[in-house]
Amino acid sequence: MTIRLFPAVLLVSAGLALPAAAQAPGGDAPAGAAVTAPYDDSLVRLSEILGAMHYLRDLCGAGEGTIWRDQMQGIIDAEQADGERLARLVEGFNRGYEGFKAVYRTCTPAATTAIERYLDEGARIARDVAARYGREE
């Protein structure tokens, strides 16, 4: 199987960051306000998929090292996520990883199918978020 990375680079290069509507006039989030973006639920789902891929690809002998974790870190860095937002992204990644770790101990045809489906879904989410919310420069 040829590996297709999610276009997480698309997310980073699209300049995804906190949308202006969620910022105070000075560019900072209002004091005490939870900072969110309209695409946060999509990023949490993408985080779950990245966690699942980190576990499953290694389980199936892909030998990719930390590539999926690195993509997750790239999203966190691009989003400048902290506080509750960072916690949601990290929890999503861990949920995806631990969910498959609890079920799969060896690479099976079902694990391979999950990898293929998650590659497709993750790529779609990354494309959709970058197309809808990315900044044009």
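Given the condition basic (Lys, Arg) and either part of a helix (DSSP H, G or I) or closer than 17 Å to ALA37 by Cβ (or both), answer yes or no: does some residue in region 105-112 qualify?
No; the residues of region 105-112 include none that is basic (Lys, Arg) and either part of a helix (DSSP H, G or I) or closer than 17 Å to ALA37 by Cβ (or both).
Mind checking which residues of region 74-128 are polar (S, T, N, Q) and modelled with pLDDT under 95?
Within region 74-128, just GLN80 meets the criteria.
Just a yes or no: is a residue in region 31-53 modelled with pLDDT under 50, of a type in the set (Gly, Ala, Ser) and surrounded by fewer than 16 Cβ atoms within 10 Å (Cβ to Cβ)?
Within region 31-53, one or more residues are modelled with pLDDT under 50, of a type in the set (Gly, Ala, Ser) and surrounded by fewer than 16 Cβ atoms within 10 Å (Cβ to Cβ).
Going by what's in this entry, would ALA81 be described as part of a loop (DSSP other than H, G, I, E, B) and either within 21 Å of GLY134 (Cβ to Cβ) or without any contact (Cβ under 8 Å) to a residue 12 or more places away in the chain (or both)?
yes
Looking only at region 86-105, count how many residues are aromatic (Phe, Trp, Tyr) and without any contact (Cβ under 8 Å) to a residue 12 or more places away in the chain. Break it down into steps so the answer makes sense when it comes.
Step one: of region 86-105, the residues aromatic (Phe, Trp, Tyr) are 93, 97, 100, 104.
Next, from what is left, pick out any that are without any contact (Cβ under 8 Å) to a residue 12 or more places away in the chain: none.
Looking only at that region, the number is 0.
Give just the number: which of (1) at pLDDT below 95; (2) surrounded by 13 or more Cβ atoms within 10 Å (Cβ to Cβ) does GLY65 not satisfy?
The single condition GLY65 does not satisfy is (2).
So ILE76 ticks every box in (1) β-branched (Val, Ile, Thr); (2) within 16 Å of ALA52 (Cα to Cα); (3) surrounded by 13 or more Cβ atoms within 10 Å (Cβ to Cβ) but one. Which box is left unticked?
Failed condition: (2).
Results for (1) surrounded by 14 or more Cβ atoms within 10 Å (Cβ to Cβ); (2) touching a Leu at 6+ places or on another chain (Cβ under 8 Å), shown as yes or no for each residue.
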residue: VAL90; (1), (2): yes, no
residue: PHE100; (1), (2): yes, yes
residue: ILE115; (1), (2): yes, yes
residue: TYR118; (1), (2): yes, yes
residue: ALA123; (1), (2): yes, no
residue: ASP128; (1), (2): no, no
residue: ALA131; (1), (2): no, no
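The values are calculated or read from the model by the stated rules, or taken from the named source; none is laboratory data. What you see is a predicted model, and the numbers here were worked out from it, not measured in a lab. FYI the Cβ positions are ideal-geometry reconstructions off the backbone, even for glycines, and counts take in every protein chain you see.
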